[in-house]
Amino acid sequence: MFKHSQLQSVKAWLALPAHAELPIYARIQRAVRQLILDGAVGPGKPLPASRALAKSLGVSRDTIETAYAQLHAEGFIDRRVGSGSFVAEMTEFSPGERLSRRSALLRSQAPNLSKRGAAIFRSGGVREQLSPRPFAPGIPETRSFPLPLWQRLERQVLKETGTRALLHGDPQGAEALRRAIADYVNLERGARTHADRVLVLTSSQQAVALCATMLLEPGDRIFIEDPAYYGARKAFDAAGLECAPLPVDDQGILVEQLLADQRGAKAVFLTPSHQFPTGATLALDRRLSLIEWAAKHQAWIIEDDYDSEFHYAGKPTACVQGLDPHDRTIYIGTFTKSLFPGLRVGYAVLPRQLVAPMTVARSLLDGHTASITQLTLARFMEGGHFGAHVRAMRGVYAERLEILTGLVRTQLSAFVEPRVPVGGLQMPCVLTIDLPERAAIDAAERVGVELLGLSALHASGHGEAGFLMGFAAYAPGEIEVAVKRLARAFRTLKSS
């Protein structure tokens, strides 16, 4: 077995927030690898048996076996049938050569990055599910997307534009798409804009990163919802900003703390139409207070309207940008949730004075968004297909939310309380028994169910224990099977 200090080192490594999005086996594999690289477990020394280590860490034996298999494939350990696993001897190297090899491995693990580069690396990035499984949040239904229609529109674009579509595009975005986006947000979201104020990007994450870089200096203070979308918080942290948390209630952020601020915050980031992850809608009086605060202090409001298309009880609230007469609001939208993640098209509606600098900055990042994709999307919107698809999906998602809510209340009532949202693609659930959130998430993963913990979305990391359950991408039968698996996993965990 590992010594107590070695086991504690592995557990501490697993608990780091930057590693939370890695699969469990990968976290264990990297923690053991680090022990080997640090010399804490020397050449030829035995590793704990997979069953014993699994018990110590509270994971399945298969998870440990997968971690050991990866270490063996990388040459860090030897596996001997009937004897166990041992740190590789590497006897073909002299002591000096062995030290040199270890130093090279260490350098590969700890590159000489800039402060900002190191901050980005430590954040762990934003890890999306390549093959999503219930209940990964924020993922739309893609199996029913009208792909033949999309392909037909793309062929029309290529026939009409020919090889022009193969050349570089406008960094600000194709005019046809900017016009379609402006028309859409004006009509459906109550915005006030024109095509010349729309910047087409690859994602809302790129828009957030641009705002952090272009509008704020390292050390500047920015207010951010608490809890908040992890991708935004990571982008602001990586830019060296001081993120000041604003608590959220059932009417959105509590603006009193912001209004009383004496330290000169330069911006506020919020998801007012459908707060992530609570689902709250920001009350009108608070919106107006924010707008006046931004005008008075010449600060910026960064409004992320990530999934407002999907509202299941009445009409969604108009965006803050449309209420702002002072032009201090940057409105961010994306087609990742409303259409499909592989589209890679987002946008920002900018105050007029920011259009030129933001477009120049974007040209330095990735030049422009693919022209064929932009022109096809523009035609999809102009032909009314976007609105039709959103309306159809709104009905599908409302049904799936109802099914999930019913199953959670019948199958998981002993463990969680659902907080049924009025919109969006995921439902928060709060743990109602004395069960560690991490243990619940790991138990779910062992039975093939994906959950996103709630507490890590709080600035302190100590918010309400629970998780998000995405429902949009999963058929009713898939939802039922996954909930029953989750119920069995929780019962097993509770009794152990």
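I'd like the distance separating the alpha-carbon centroids of segment 415-439 and segment 362-391, in whole Å. Here the two parts' Cα centres lie 35 Å apart. Peptides 447-455, 412-420 ranked from most to least packed give 447-455, 412-420, packing being the mean of other C-beta atoms within 10 angstrom over each peptide's residues.
Quickly estimate the mean residue ellipticity at 222 nm for the chain, helices only: each DSSP H run with n ≥ 4 gives -39500 (n - 2.57), and the total goes over all residues, rounded to 500.
Working: 17 runs with 219 residues, N = 496.
Rounded to the nearest 500, the figure is -14000 deg cm²/dmol.
Segment 285-333 and segment 477-496 have Cα centres separated by 40 Å. Rounded to the nearest 10 degrees, the inclination of helix 437-446 to the longest alpha-carbon principal axis of the chain is 80 degrees.
Summary of packing: across the peptides 217-226, 476-485, 163-172, the per-residue average of other C-beta atoms within 10 Å ranks them, highest first, as 217-226, 476-485, 163-172.
Cα-based Rg of the chain per 2.2 N^0.38 Å, rounded to two decimals?
Values: Rg = 24.9 Å, N = 496, 2.2 N^0.38 = 23.3 Å.
Output field value: 1.07.
Convex hull volume of the C-alpha atoms in segment 147-387, normalised per residue: 116 Å³.
How much length is gained on full extension from S83 to A392, taking 0.36 nm per residue of separation minus their Cα-Cα distance? Let's see the in-between values first.
Values: separation 309, 0.36 × 309 = 111.24 nm, distance 5.91 nm.
Additional length available on full extension: 105.3 nm.
Classify segment 392-495 as rounded, prolate or oblate from the Cα gyration tensor: take a ≥ b ≥ c as the square roots of its eigenvalues, call it rounded if a/c is under 1.5, otherwise prolate when a/b beats b/c and oblate if not.
On the way: a/c = 1.89, a/b = 1.31, b/c = 1.45.
Cα axes put segment 392-495 in the oblate bin.
For the pair I372 and R352, what calculated FRET efficiency results from E = 1/(1 + (r/R0)^6), where r is the Cβ-Cβ distance and R0 = 35 Å, to the nearest 0.05?
Numbers: r = 29 Å, r/R0 = 0.83.
With a Förster radius of 35 Å, E is 0.75.
Among the listed pairs K115/K234; K234/K337; K234/K315; K115/K266; K11/K234, give every one whose C-alpha distance is greater than 26 Å. Too far apart for the 26 Å limit: K234/K315. Ranked by the mean number of other Cβ atoms within 10 Å per residue, highest first, peptides 47-59, 354-366 order as 47-59, 354-366.
None of the figures in this text is laboratory data; all of them are computed from the coordinates on show. These figures come from a predicted structure and were not determined experimentally. Every residue, glycine as well, gets a Cβ built from its backbone with ideal geometry; the counts of neighbours run over all protein chains shown.
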